[in-house]
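I have placed the structure first, in the form of structure tokens, so that the comments after it can refer back to it.
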Amino acid sequence: MNARNTTSAVSVALTLLLAAGALTCLGLMVGDGTLRWPWGLTSDPITAEIIWQIRAPRSIGAWAAGALLGLAGAIAQAIFRNPLADPYLLGSSSGAALAVAIALALASWLGADVSGAAFWGGFMAFGLTGAAFTGALLAVILTVTLAGGVAQGTRLLLGGVVVGVVLGALTSFLTFIAPNVLLNMQGFMLGSTALLNWSAVGRLLVVGAICMAIAATFAKPLDALQLGERTARSLGIPLSQVNAIYILLLATVTGAAVAHTGLIAFVGLAAPHVVRAWLPCQHRALLLLSSLTGGVLLLGADALARLIFSPMELPTGLLTALLGGGYLLWRMGKVGRLS
Amino acid sequence: MGWWPEMRSLYRGLVASVSTLLFAISPASALTVVGDDGVALTLSKPATRVVTLLPSLAEVVCDLGACDRLVGIDRYTNWPPETANVAVVGGGLDPQLEAILRLRPDLIVMAPSARVIARLRDLGLPVLALEPKRMADLARTYRALGEALGIAEADARFTQLQSDLGVLKRSVDASWLGARVYFEVSDELYAAGPDSFVGELLTSLGFGNAISSGLGPFPKISPEWVVRANPDVLVVSEQTVGRLTQRPGWSGMPAIAEKQVCAMPQAQADALVRPGPRLVSGAQWLVRCINQLKRS
């Protein structure tokens, strides 16, 4: 990347960080039906607790989860060379949903025996998050196994579709035989940032930092991959190893995001498009900027979700689907008019 | 999985021991109540500012005479009328955390299945997990809430409800005793099986159940299965009763042909399906309705 592009990328990154800062401030102001700057209000211990234990971790957690989804979206679109690829392409969302459904159903069945509920009650707090993460990872492993490895993008895509459909059907079956878990599943499927606490923020930031560092280290092969698999191989790119690293990263960041926020739609798909529309760049910058853009998108959606019908709030995933879908429709219309 | 029963027994013992230990080391004046999730909650004194996130729990609190202690309810709570003036803090699965925090509750009662329960405890709020699904759960709910609210008569109140049911059973027309009832809880053909609260109520009133046990508490039944089961009485919602003959094969069902159908208003549906203090009034409606039907 030449100096001019580097400067532009740095400017965009700074702009995104400033936007994140502004939206975080908005996030601290929103929640009780009014829009008030929190400074000076923290003398009241209840208000202080609301701001520092609910709004602050929620806002920063939304940014962190959005950043993970943005990074995952950029990785997915790079390795599959498909602008419609999203983080859930390898079946991770279906795997997470099935794992959560199993955990909820088991907790419900064992709850008929109080001691059984005791076993699962303590497990629930970690269990659902852990279950979702584990389910996401296992689904990706299943996809890779079905595809016979990581070398061929087309087989991976097909494997992901198959895994998504089958695991989705199993989830539907579970909710059919255990309808009492339906409402909990609906909350997970719509996606929400309401449960993010400081522990979750810590986990999301650590996973994000590590995965971003690894992704940036191996970004150059992604640029070569855009020329096609054959060309990339001829340039000496070890395609299998590169795919393996990025699929592992994709599974990890997607699993971490889904485990904490449920299935947030469109952030991962839209973030790289927003960046490319703003600043065409190579993957080392694209990965970082997509991550920052994803963070801004989800943080903005979270603030809006709490603002529109305050003090009631919409599920964040519902808003990202409406806004992200709307943005992509607009882009399609714009591209159609230009051609 | 032969090891599973042993593990469950071991965990049962562990939970009981930990709960007993917690109770033993609590200050003398403190109350310790164990919820349905096995988590013990210690209160320094009976709760006076209560938030309930399940309609049946609000009803039990009010039935214990502590309606004035309710400071927050979920959006589905609609009985008794006194709850109309209580602040609504969202749903049982998606409560508004800030609103709850602002109410400064000294007790939050909610279902253990809600994922948000961990977040509420994380915020340092006192949460008691209770979810009455069957009669035994309801007895435990009365006892636990009685302890948390410092109401000694809670057990006696539940015993009274059971006694009232026993009296009600004697008023069932002899010709209807043992009649097989199909009780529908949803227009999507979800029925109340013998393992549900409604199923237990039917049994305690001397009725049979058209749904066999082992299908779960609220199985989704195929229309054909109900035709083959040929129940003596159908109990369906008021909104559904006009559409019964449109279901495949139902128009020829003897119970429909002979008008042995009870159309349940929403208020009675709430009273019957929610395990709570209105079970007697719901049962009274059911017995009255069935007694009025002409047995063929």
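The numbers here are math on the coordinates, done by the rules we state, and not lab data. The structure displayed is predicted, hence computed values, not measured ones. Neighbour counts run over all protein chains shown; Cβ positions are idealised from the backbone, glycine included.
Summary table below
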| item | result |
| --- | --- |
| Cα centre as origin, Lys/Arg/Asp/Glu Cβ charges: segment B:22-152 dipole, Debye | 200 debye |
| Zero-based 20 Å bins, Cα pair distances in segment A:11-338, whole percents | 32, 56, 12, 0 |
| Fraction of antiparallel bridges per DSSP, segment B:22-152 only, in percent to nearest 5 | 35 percent |
| Exercise: per-residue mean of other protein chain Cβ atoms within 10 Å, B:196-208 | 0 |
| Per-residue mean of C-beta atoms belonging to partner chains within 10 Å, peptide B:210-218 | 1 |
| Descending principal axes extents, the protein assembly as shown, alpha-carbon based, whole Å | 92, 63, 54 |
| Antiparallel %, DSSP beta bridges [both residues in chain B], to 5 | 30 percent |
| Top of A:R203, A:R55, A:R233 by mean-square fluctuation, Gaussian network on chain A, Cα under 10 Å | A:R233 |
| Translational diffusion of segment A:130-244, µm² s⁻¹ [Kirkwood Rh, Cα pairs; Stokes-Einstein; 25 °C; 0.890 mPa s] | 143 µm²/s |
| Which of A:S240, A:L142, A:I60, positive extreme of dipole for chain A (C-beta unit charges) | A:S240 |
| Other-chain or far-sequence residues with amide H under 5 Å of B:V34's (modelled H) | B:L41 |
| Amide H contacts of B:L103 (H built 1.01 Å from N, under 5 Å, at least 5 apart or other chain) | none |
| Convex hull volume of segment B:170-292 per residue (C-alpha atoms, cubic angstrom) | 92 Å³ |
| 10 Å Cβ neighbours from other chains, averaged over peptide A:183-190 | 3 |
| Other-chain or far-sequence residues with amide H under 5 Å of B:F183's (modelled H) | B:A192, B:A210, B:V235 |
| Exposed-site-free run, longest, chain B (rule: trypsin sites (Lys or Arg not before Pro); DSSP loop; at most 10 other C-beta within 10 Å) | B:1-169 |
| Compactness of segment B:166-241 as Cα Rg over 2.2 N^0.38 Å, two decimals | 1.06 |
| Dipole magnitude (debye, nearest 20) for chain B, charges at Cβ of Lys, Arg, Asp, Glu | 200 debye |
| Taking only Cα atoms of segment B:34-92, radius of gyration then Dmax in Å | 11.6, 32 |
| Antiparallel content of DSSP bridges confined to segment B:170-292, in %, to 5 | 25 percent |
| Expected-Rg normalisation [2.2 N^0.38 Å, Cα atoms] applied to segment A:231-332 | 1.28 |
| Karplus-derived HN-Hα couplings along segment A:193-200 (A = 6.51, B = -1.76, C = 1.60, θ = phi - 60°), whole Hz, x at Gly and Pro | 9, 5, 9, 6, 10, 5, 4, 5 |
| Check: segment A:11-338 dipole with +1 on Lys, Arg Cβ and -1 on Asp, Glu Cβ, in debye | 980 debye |
| Value of [θ]222 nm, deg cm²/dmol, for chain A, DSSP H segments ≥ 4, -39500 (n - 2.57) each, nearest 500 | -26000 deg cm²/dmol |
| Aspartates and glutamates with Cα under 19 Å of B:K169, excluding same-chain neighbours fewer than 8 positions away | B:E200, B:D232 |
| Residue-wise HN-Hα coupling along segment B:79-89, computed from phi with Karplus coefficients 6.51, -1.76, 1.60 (Hz; x: Gly, Pro) | 8, x, x, 4, 6, 4, 9, 8, 5, 8, 10 |
| Candidates A:A200, A:A105, A:A270, ranked by Gaussian network fluctuation over chain A, Cα under 10 Å, top entry | A:A105 |
| Charge dipole of chain B about the Cα centre (unit charges at C-beta), most positive-ward option of B:L101, B:T77, B:T159 | B:T159 |
| Within chain A, longest stretch clear of exposed chymotrypsin sites (Phe, Trp or Tyr not before Pro) (DSSP loop, no more than 15 other Cβ within 10 Å) | A:40-308 |
| Hz values of 3J(HN,Hα) by residue in segment B:258-272 - Karplus curve (6.51, -1.76, 1.60), Gly and Pro given as x | 9, 6, 9, 10, 9, 8, 8, x, 4, 4, 6, 4, 4, 5, 8 |
| Farthest positive-ward along segment B:75-216 dipole, Cα basis, beta-carbon charges - from B:A139, B:L168, B:V88 | B:A139 |
